1. Would you check if Ala92 is surrounded by fewer than 24 Cβ atoms within 10 Å (Cβ to Cβ) and modelled with pLDDT of 95 or more?
2. With the requirement that a residue be in a helix (DSSP H, G or I) and either among the acidic types (Asp, Glu) or farther than 26 Å from Ala92 by Cβ (or both), what does the range 129-181 give you?
3. Of all residues being touching a Pro at 6+ places or on another chain (Cβ under 8 Å) and within 14 Å of the ligand (Cβ to nearest atom) in the range 63-94, which is nearest to Ser222 (Cα to Cα)? Just the residue, please.
4. From (1) within 16 Å of the ligand (Cβ to nearest atom); (2) surrounded by 23 or more Cβ atoms within 10 Å (Cβ to Cβ); (3) of a type in the set (Val, Ile, Thr), pick out the condition that doesn't hold for Thr220.
5. Looking at the range 35-47, which of its residues are within 11 Å of the ligand (Cβ to nearest atom) and not aliphatic (A, V, I, L, M)?
Amino acid sequence: MKFRNLIGAALCAAAVVGMAPAHAQNYKPEYKLSIVVGTTFPWGQGAEIWSNLVRERTQGRINIKVYPGTSLVQGDQTREFTAIRQGVIDMAVGSTINWSPQVKQLNLFSLPFLMPDYAAIDALVQGDVGKEMFKLIEKAGVVPLAWGENGYRQLSNSKHEIKKPEDMKGQKLRVVGSPLYIDTFTALGANPTQMSWADAQPALASGAVDGQENPLSIYTGSKLYTVGQKYLTLWNYVADPLIFVVNREVWNSWSEKDRDIVRQAALDAGKQQIVIARKGVTPEDPSLLKEIAGHGVTVTALSPADHEAFVKITKPVYDKWKKQIGEDLVNLAEKSIANR
Ligand code: X2X
């Protein structure tokens, strides 16, 4: 064999090896996993469960470290998806709200009053809509593995009880994510302002903003009742799922066996995380609501007529964003919910 042929053969062999499972020595000593809140929150617990399962099941080949507070992007949670795509972040358990600036279809979950109950959320994420969303995330350059849940987002404020849209008039409310939130709260007569969660907490404490919207686990976990957020309205207007993802290059660097382990661990962690996220906020188990009321918070549930008033006033926003998200996808979601 001539020298040139030898090199050719070696290159071919290298190409074959390149396609074969990566060797453990190519693995990073640590994989950085991003989340927005801390590990004591249901969201963070999902990340911890995933990390621990992966470490155990790979015998330490894949070692994940959780970075709370979106610290890998200096708290700027709407830049998280881009950072995952670019490899600044290796893995994440992220909210659809924070990634919707990059994957506009994720705004679907923020359409006001789309999902009336948990069965509706399940019908979307565990059904055809969920599959479609995963394809879109994959196309955007990130590998999605499993769904989790942040939860139904409820409204709190420091001024007075909110029962009707009129009660929100002029209130300065912190929102995050896409302009859809600005549209929704403007339609409701409020004065929405966009800021990261890191900035929101001091803004609530100083009174720079009057209120915010977040799942009850975040409201209690962040002790928002200690910063004057004494009025809480349960309106279930949107819920944000969480998605377990991996950077594509990192994913490709793992052996097939390890990819299977990471995917299965994400599915297992997601399932457990959703159970944790729904604890204490159902009619069967209202323990979290009781805890909140125990802090002197006025907790308001809407009458059917009041609920209808909120739905009606936000309907033009729904219609506008249905077009921006894609009518086919929203139609599929509506159908999935109707057939749940
Ligand atoms: O910033 C928020 O409101 C939070 C913590 O719920 C998200 O990351 C979407």
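The values are calculated or read from the model by the stated rules, or taken from the named source; none is laboratory data. The structure presented is a predicted model; accordingly, all values stated were derived computationally and were not measured. With ideal geometry, Cβ positions are generated from the backbone for all residues, glycine too; neighbour counts draw on all protein chains shown.
1. Working: surrounded by fewer than 24 Cβ atoms within 10 Å (Cβ to Cβ): no; modelled with pLDDT of 95 or more: yes.
No: the conditions fail for Ala92.
2. Hits for the range 129-181 are Glu132, Glu138, Pro165, Glu166, Asp167, Met168.
3. Filtering the range 63-94 down to residues touching a Pro at 6+ places or on another chain (Cβ under 8 Å) leaves 63, 78, 81.
After this cut, where a residue has to be within 14 Å of the ligand (Cβ to nearest atom) as well, the list is 78, 81.
On the way: Thr78: 20, Phe81: 24 Å.
By that ranking, first place goes to Thr78.
4. (2)
5. Gly38, Phe41, Trp43, Gly44 - these are the residues of the range 35-47 that are within 11 Å of the ligand (Cβ to nearest atom) and not aliphatic (A, V, I, L, M).
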